[in-house]
Amino acid sequence: MADGTPWTGIGAEVRRREDQRLLSGQGRYSDDLSLPGQVYAIMLRSPYAHAAIERIDTAAARAAPGVLAVLTGQDLKADGLRPIPHAVWSGHPAEIALPNTDGSIASGPPHSCMAIDVARHAGDIVAVAIATSLAAARDAAERVAVNFRPLPSVSHALDAVARDASPAWAEGSSNVCIDALVGDPAATAAAFAQAAHVVRFDTWVQRVAGVPMEPRAAIGVYDPTQAKYTLYAGAGGAVRPRNDLAAALGVPETDVRVVMHDVGGNFGTRGAFNPEFASVVWASRRVGRPVKWTCDRSEAFLCDYQARDLAVTAELALDAQGTFLGLRCCNLSNLGAYPVGFSPLQKGAAIVASI
């Protein structure tokens, strides 16, 4: 202010208070936390993009020193765990709604916390080994014998929507789970009909991985005296993971608690609920001890949620003087194995006019 009084309203300088703690190594991230009596989990993941799981033999793994349990998707199914209820649509009021043209609800395979009969991406969890040390859990995971029967797969969206493309899930009639139309098709067609020039542009916004500095980690705790669950994990929030975890476990939200401390980066990879979060909490209920899982960097490239795989074809209609008459665009978003979120498709529709 003119008289030298510090300004305290909107636009005032806000001093950072957390830097000293973080820069001096006093931060507390998910892997920094350890609980008394905790044991360790290693996720055995599918090496195939698409494969039927015909048999899993865990006998040798369960007999290894220090091993408390080796759990599979069949165990998860027997215990009644439910698919992750992903909120696939952004609730932001600025986002464009994309209703299916036939009025149906966007569909896709249910995302179980572990593969039960079919693995649908490289990195899909097929077994969880739990042991008293990380080395023992890793050794047990390596002893699990899985008979996979590889199935056809595609990795590019344009290939996935071809007429002869292999379906990602047997129950689906196609690999398209949302087919929306936005704008005024009749007016656009009329504009193109009178255009002197039409320019076409094909491009692809490649798939990316967020790669935050801190890989994900989680500790699941079950309290049998109160039948309560606690998840310690760095995520994109605490409320949504709690609600999703309760839904996957099939228990009231009041029976679940999610505790977050510092988070070493997000980049969108932590915006949705991860299957490992439910796996460690469920495993804690099975073995009666806190269960900790820490993702390594190589594993993260397989299991972290990725984004921005968008194939785009855009056409611009112009008159003889170069005035824009109309624009039409086809956006094809590659969701991968499970429809975790339609945000790339929504954002592609929102920014199409800036192409």
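The values are calculated or read from the model by the stated rules, or taken from the named source; none is laboratory data. Nothing here was measured: the structure is a model prediction, and the numbers come from that model. Glycine also receives a Cβ, built like all others from the backbone with ideal geometry; neighbour counts cover every protein chain displayed.
Quick notes on this one:
- Within the range 250-267, the residues that satisfy the criterion of being closer than 26 Å to SER343 by Cβ and free of Cβ contacts under 8 Å to residues at least 60 places away in the same chain are GLU253, VAL256, VAL258, MET260, GLY265, ASN266, PHE267.
- Residues in the range 202-222 that are in a loop (DSSP other than H, G, I, E, B) and either among the polar types (S, T, N, Q) or without any contact (Cβ under 8 Å) to a residue 40 or more places away in the chain (or both): GLN206 alone.
Residues checked against (1) buried (at least 17 other Cβ atoms within 10 Å of the Cβ); (2) more than 22 Å from PRO241 (Cβ to Cβ); (3) aliphatic (A, V, I, L, M):
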site	(1), (2), (3)
ALA307	yes, no, yes
THR313	no, yes, no
CYS330	no, yes, no
ALA350	no, yes, yes
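- Test: residue in the range 123-134 that is of a type in the set (Asp, Glu), assigned by TED's automatic domain parsing to the domain that holds GLY236, in a loop (DSSP other than H, G, I, E, B) and touching a Ser or Thr at 6+ places or on another chain (Cβ under 8 Å): yes
- Index of the failed condition, VAL88 passing every other in (1) at pLDDT 95 or above; (2) among the aliphatic types (A, V, I, L, M); (3) surrounded by 12 or more Cβ atoms within 10 Å (Cβ to Cβ): (1)
- Scoring GLU253 on the criteria (1) surrounded by 19 or more Cβ atoms within 10 Å (Cβ to Cβ); (2) at pLDDT 95 or above leaves a single failure, condition (1).
- If the condition is being buried (at least 16 other Cβ atoms within 10 Å of the Cβ), in contact with a strand residue (DSSP E or B) (Cβ under 6 Å, 6 or more places away or on another chain) and either among the acidic types (Asp, Glu) or farther than 30 Å from LEU302 by Cα (or both), then the range 193-216 contributes only ALA195.
- Among the residues of the range 304-352, the ones that are out of contact with any Asp or Glu (no Cβ under 9 Å at 6 or more places or on another chain), assigned to a strand (DSSP E or B) and more than 15 Å from ASP202 (Cβ to Cβ) come to 5 in all.
- Inside the range 162-182, residues that are within 15 Å of THR101 (Cβ to Cβ), in contact (Cβ under 8 Å) with a residue 24 or more places away in the chain and either polar (S, T, N, Q) or in a loop (DSSP other than H, G, I, E, B) (or both) make up a count of 5.
- Qualifying residue in the range 68-87 (condition: of a type in the set (S, T, N, Q) and more than 30 Å from ALA350 (Cβ to Cβ)): yes
- Taken together, the criteria place THR313 among residues that are hydroxyl-bearing (Ser, Thr, Tyr), touching a strand residue (DSSP E or B) at 6+ places or on another chain (Cβ under 9 Å), farther than 16 Å from LEU335 by Cβ and not assigned by TED's automatic domain parsing to the domain that holds GLY66.
- Any hit, the range 278-290, residues being under 22 Å from VAL340 (Cβ atoms) and of a type in the set (Lys, Arg): no
- Identity of the residue in the range 44-74, in a helix (DSSP H, G or I) and over 19 Å from the mean Cα position of the chain (by Cα), that ends up surrounded by the most Cβ atoms within 10 Å (Cβ to Cβ): ALA61
- Scoring LYS77 on the criteria (1) of a type in the set (D, E, K, R); (2) surrounded by fewer than 16 Cβ atoms within 10 Å (Cβ to Cβ); (3) closer than 24 Å to PRO215 by Cβ leaves a single failure, condition (3).
- Test: residue in the range 26-43 that is over 30 Å from TRP282 (Cβ atoms) and in a loop (DSSP other than H, G, I, E, B): yes
- When the residues of the range 166-183 are filtered to those that are of a type in the set (Gly, Ala, Ser) and buried (at least 16 other Cβ atoms within 10 Å of the Cβ), the one that is farthest from the chain's Cα centre (by Cα) is ALA180.
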